[in-house]
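> Mind having a look at this structure? Questions to follow.
Where a number appears in this text, it was derived from the coordinates with a stated rule and is not lab data. Here the structure is a predicted model, which means the values were calculated and not measured. Methodologically, a virtual Cβ is constructed for each residue, glycine included, from the backbone with ideal geometry; neighbour enumeration extends over all protein chains shown.
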Amino acid sequence: MNHKKAAQDILQEVGPDNIIAAAHCATRLRLVIKDESKIDQKGLDNDPAVKGTFRVNGQYQIIIGPGDVDKVYAHLIQETGLKEVTPDDLKKVSANGGKTNPFMALIKVLSDIFVPLIPALVAGGLLMALNNVLVSQGLFGAKSLVQMYPGIKGLADMINTFASAPFAFLPILLGFSATRRFGGNAYLGATMGMIMVMPALVNGYNVSAAMSAGTMTYWNIFGWHIAQAGYQGQVLPVLAVAFILAVVEKWLHKRMPATLDFIFTPMITIIFTAFITFAFVGPVLRVVGDGLTNGIVYLYNASGAVGSTIFGLVYSPIVITGLHQSFPAIETQLLANIAKTGGDLFFPIASMANAAQGAATLAVFFLTKNAKEKGLATSSGISALLGITEPAIFGVNLKKRYPFFAGMIGSAVGCLIVGLFGIRSSALGAAGIIGFISIPVKFYLPFFIAIGLSIVVAFTGTLLYGKRFAKSTDSDETTPAVDADTVPASAVNDGVIAAPVAGTLASLKSVNDQVFSSEMMGKGAAIIPTDGNVYAPVSGKITVAYPTMHAYGLQADDGAEVLIHLGIDTVKLNGEHFTTSVKQGDTVSAGTLLGTMDLSALQKAGYDTTVMVVVTNTGSYASVNRIDTQDVTKGDAIIALTKQTATAPIAANI
């Protein structure tokens, strides 16, 4: 690659004066753009140096690849005269100095707070769904499973207890996550959450009844009566309290003498924050939160099928803007008060929209002649059906436009049924074709009808429009000489890539980073690590060894180009929790220790520790297949390579 020319081309395509700030990680340029409407997207799509583009968190990211991105970045900085910044610095710029308005900044804050909580809420939600299967009548007969088999009643009670925990103690989880996001001590935030749900308080779900009945208990402080009200099921009061706590703590840290800071700052922070929580902030925001929840439920009920249809039509455009990242804040409140709200209104609609976009993407597979586009349509389409739509929307549907609109129409049709039957979920989960797990049994039949219609309408609409009206340029696209879904007729593998870490092998498509999950960088495998030692998976030369120590590139002796990426977004740590034993240009043998990653510290810091192993020159092979195994140790074969020879088509294993 001519790195200088690549930088110059990208600069022209993005706009010479259109970049506010630029950084890079192991695989991509990360840009904050003044005006994205000025970007020549078609030019970038056709640029041979660019493997893909996408927008996330206020950044426009251009995928270049390991070993090249740093060189292209250096020329880009030289051409523009911009100051070099780290990805973490760029995150601040994108949040404060870019095009992000205050409303979008708020959405970003809510996303940062709630996204880390989703696994806990999904776990509790799915356990709640499992309990519903055990105790619901009419699913397996006139009686519930518990009634038919009394011996499992204890199991059902146990599962119900497990399921209730994340929602009963939601303020603790929220306090931890929100305080960390606001820059305070997350453990003090969790402590405030504990204070807000102490058993000695009147349970948050019974506060209104206690007030009405006159049974509320109070603290009497010099004649000032402060209600001993708990905050179970509340979201807004906890968010406000976490913000106040972080501000107070940081203020004290700046002014408290070092000898006293460690001892007295936490105590003063807690007692001050707790007092104003119960005296002022909590009562006011409880009313606001309840009003917001009741208002949403009222509007939804009042608008009925018309409202759900409109919401279904616009849900995918909302995903493009990123506004959907704020929905968990509302969904959590709805589920925490499920007895009053009836459940989550958003989940069924998201399931229809995701399934419809996935069906539209799969229809593109039958329309396009381009092998690369076929592969992307298959992987991203299936991913969207299961609830992850970004690769499908940004990688396929928006580029052709008509599949995206067909998906919107399919979603609207499905959401019409959702509104007619009042479908709601009783838990969070995967919003797609398997979303029925989170839906009460009484809604199973209409849910299946709705999602079936979404898929059929979107798929058929895309297929018919694409065949009759769309001007396809597929015939002008050169199909690569190598089809990733083929192997030599002899089916003999010509090489293997070993596991660089010990852990559990997983599909690359399952990782929570669309650059890797969409296989833009190439095919490979993912490992959920159980050990922090990282070893060379092949014998060869170190081509990439970043100062951040979160990624390595190797040129194998047999020609394979391998990228090892340690964790997701770990570039932001600037090397913290990582060590390295090699440098760029070193020659290593398979099994050589490259470095280490502190798994415990990374997890405590909230980072996904998944290790991605990618063959970045996948196109040089007839097939790159993940080997069918589960638990691996360093040195175990995880990826099989087949060289280009006479080929016979078979299904890919990735």
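> Starting from the alpha-carbon convex hull of segment 128-304, give the projected area averaged over all orientations, in nm².
It is 15.0 nm².
> Sticking with this structure for a sec: Name the residue from P440, I451, V396 whose Cα lies farthest towards the positive end of the charge dipole of segment 344-471, charges +1 on Cβ of Lys and Arg and -1 on Cβ of Asp and Glu.
Selected residue: V396.
> Treating cross-link reach as a plain straight distance, find the lysines whose alpha-carbon is under 16 Å from the alpha-carbon of K442, omitting any fewer than eight places away in the same chain.
Cross-link targets: K143.
> Right, here's the next one. For semi-axes √(5λ) of the Cα gyration tensor in Å, which listed value, (i) 43, 32, 25; (ii) 39, 33, 27; (iii) 51, 46, 40, comes from the coordinates shown?
(i)
> Which one of T579, L121, A200 is farthest out on the positive end of the charge dipole of the chain, using unit charges on Cβ (Lys, Arg +1; Asp, Glu -1) and the Cα centre as origin?
Checked the options; the winner is A200.
> Take R180, R468 and order them by how many other Cβ atoms sit within 10 Å, fewest up front.
R468, R180
> To continue, here is another question. Kindly put E519, E36 in sequence by how many other C-beta atoms sit within 10 Å of each C-beta, fewest to most.
E36, E519
> Right, something else. Anything over 31 Å Cα to Cα? Flag those among K51/K572; K369/K509; K369/K583, in the order listed.
K369/K583
> Placing unit charges on C-beta atoms (Lys and Arg positive, Asp and Glu negative, everything else neutral), compute the dipole magnitude of the chain about its Cα centre in debye, rounded to 20.
1300
> Put a dot 7 Å past each Cα toward the Cβ at N2 and K340; how far apart are the dots in nm?
Simple spin-label model gives 6.7 nm for this pair.
> Taking one equal scatterer on every alpha-carbon of segment 176-220, how large is log10 of I(q)/I(0) by Debye at q = 0.21, 0.24 1/Å?
-0.72, -0.79
> Please compare each pair in K34/K83; K5/K38; K153/K340; K42/K541 to a cut-off of 24 Å on the Cα-Cα distance and tell me which ones are over it.
The answer is K153/K340; K42/K541.
> Another question, then. Per-residue counts of other Cβ atoms within 10 Å, averaged by peptide: what ranking do you get for 584-594, 401-411, highest first?
401-411, 584-594
> What FRET efficiency would be calculated for the residue pair D631, M211, taking the C-beta separation as r and a Förster radius of 60 Å, to the nearest 0.05?
Approximately 0.60, to the nearest 0.05.
> Using DSSP to define loop residues, name the trypsin sites (Lys or Arg not before Pro) in segment 342-393 whose beta-carbon has at most 13 other beta-carbon atoms within 10 Å.
Counting only loop positions with at most 13 other Cβ atoms within 10 Å, the trypsin sites (Lys or Arg not before Pro) in segment 342-393 are K369.
> What is the fewest-to-most order of L117, L566, L376, L464 by other Cβ atoms lying within 10 Å of their Cβ?
Fewest to most other Cβ atoms nearby, the residues stand as L464, L117, L376, L566.
> Related question: Expressed in nm², what is the orientationally averaged projection area of the convex hull enclosing the Cα positions of segment 485-628?
8.1
> Could you tell me what % of all Cα pairs in segment 274-315 have separations over 16 Å?
Cα-Cα pairs in segment 274-315 separated by more than 16 Å: 54 percent.
> Starting from the 7 Å offset along Cα-to-Cβ, what nm value, one decimal, do you get for the label separation of F448 and F469?
Between F448 and F469, the label points sit 3.4 nm apart.
> Once fully extended, how much extra length lies between I226 and S620, figured as 0.36 nm per residue of separation less the alpha-carbon to alpha-carbon distance?
My answer for the length gained is 134.7 nm.
> If you don't mind, another one. Pull out a ≥ b ≥ c, the square roots of the eigenvalues of the alpha-carbon gyration tensor of segment 344-471, then state rounded if a/c is under 1.5, prolate if not and a/b is larger than b/c, and oblate in the remaining case.
prolate
> How far apart, in nanometres, would the label points at T460 and I528 be if each is projected 7 angstrom from Cα along the Cα-to-Cβ direction?
4.0
> Right, something else. Pulled fully out, how much extra length does the chain show between A142 and F162, if you take 0.36 nm times their separation in residues and subtract their Cα-Cα distance?
4.5 nm
> Multiply the residue gap between S303 and F280 by 0.36 nm, knock off their C-alpha separation, and tell me the result in nm, one decimal place.
Using 0.36 nm per residue and subtracting the Cα-Cα distance, I get 4.8 nm.
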